[in-house]
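Data block below; observations after.
The values are calculated or read from the model by the stated rules, or taken from the named source; none is laboratory data. Worth saying up front: this structure is predicted, and the values here are computed from it rather than measured. For neighbour counting, all protein chains shown are included, and Cβ atoms are generated from backbone atoms with ideal geometry for every residue, glycine included. Ligands, DNA and RNA are stripped out before the accessible areas are found, and what is left, the full protein with its side chains, is counted by its heavy atoms. Shrake-Rupley method; radii C 1.70, N 1.55, O 1.52, S 1.80 Å.
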Amino acid sequence: MVDTAAIQSSLLENAFAFLRRAIADFGDDHRFSVAHFAIATELFLKARLIEEHWSLLFKDLDKATVDAFERGDFVSVTVGQSIARLKTIAGVAITKDAEELFGRIGGHRNRVIHFTLHHSNEEEAGEAQQELALEQLKGWFHIQRLLRQWF
């Protein structure tokens, strides 16, 4: 039997740990802040998803087995899949604004991990950092609203 409460607790602990790192890394290296914030967002969504059923964390539901889950040997859902499953299976209300913002946050994560964000000057870099800060603040606003609704 899968102890979903313990796993949910672990997911939430990890989500908050990545969120703390996102905040700490913001001034030093925004790449890590972006990546950590995106991971935190993903983990918060998965923590709510597991409340419905552990198998919903599998990208491919046909491959969901207790054994694979307990070993952590599976490909997990994307943020988009998590949102879709939360909305359709769990009946969770996630605003279009939040859904689009979480998608942008994931897109920024992919860009900073796979590519380097180039800025032609310090002013452009400063503007980009301000935009990232605003995006993360909006993301945290939506996450907090969802956490209050869920827990």
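For S76, list long-range residues whose amide hydrogen, built 1.01 Å from N in the peptide plane, is under 5 Å from its own amide hydrogen.
K59
Sum -39500 (n - 2.57) across every DSSP H segment of at least 4 residues in the chain, then divide by the residue count to get the 222 nm mean residue ellipticity, nearest 500.
My calculation for the chain gives -24500 deg cm²/dmol from helical runs alone.
Can you give me the accessible area per residue for the range 22-119, using a 1.4 Å probe, in Å²?
I get 52 Å² per residue for this part.
Straight-line reach only, C-alpha to C-alpha below 16 angstrom: list the aspartates and glutamates that K87 could link to, leaving out same-chain residues fewer than 8 apart.
Excluding near neighbours in sequence, the set is E42, E51, E52, D97, E99, E100.
Taking a spot 7 Å from the Cα of A90 along the direction of its beta carbon, which residues of the range 47-66 have an amide N less than 16 Å from it?
Of the residues in the range 47-66, 47-59 have backbone N under 16 Å from the label point off A90.
Any chance you could run the full-extension gain for E52 through Q129? It's 0.36 nm times the residue separation minus the Cα-Cα distance, nm to one decimal.
Value of the extension gain: 24.0 nm.
With r defined as the distance between the Cβ atoms of F32 and K59 and R0 fixed at 22 Å, what FRET efficiency is calculated, to the nearest 0.05?
0.30
Under 8 Å for C-alpha pairs, at least 6 residues apart: give me the relative contact order for the chain, rounded to a whole percent.
23 percent.
Can you give me the solvent accessible area of E13 with a 1.4 Å probe, rounded to the nearest 10 Å²?
120 Å²
In whole percent, and with a 1.4 Å probe on the protein chains, what portion of the accessible area of the chain is carbon and sulfur?
53 percent
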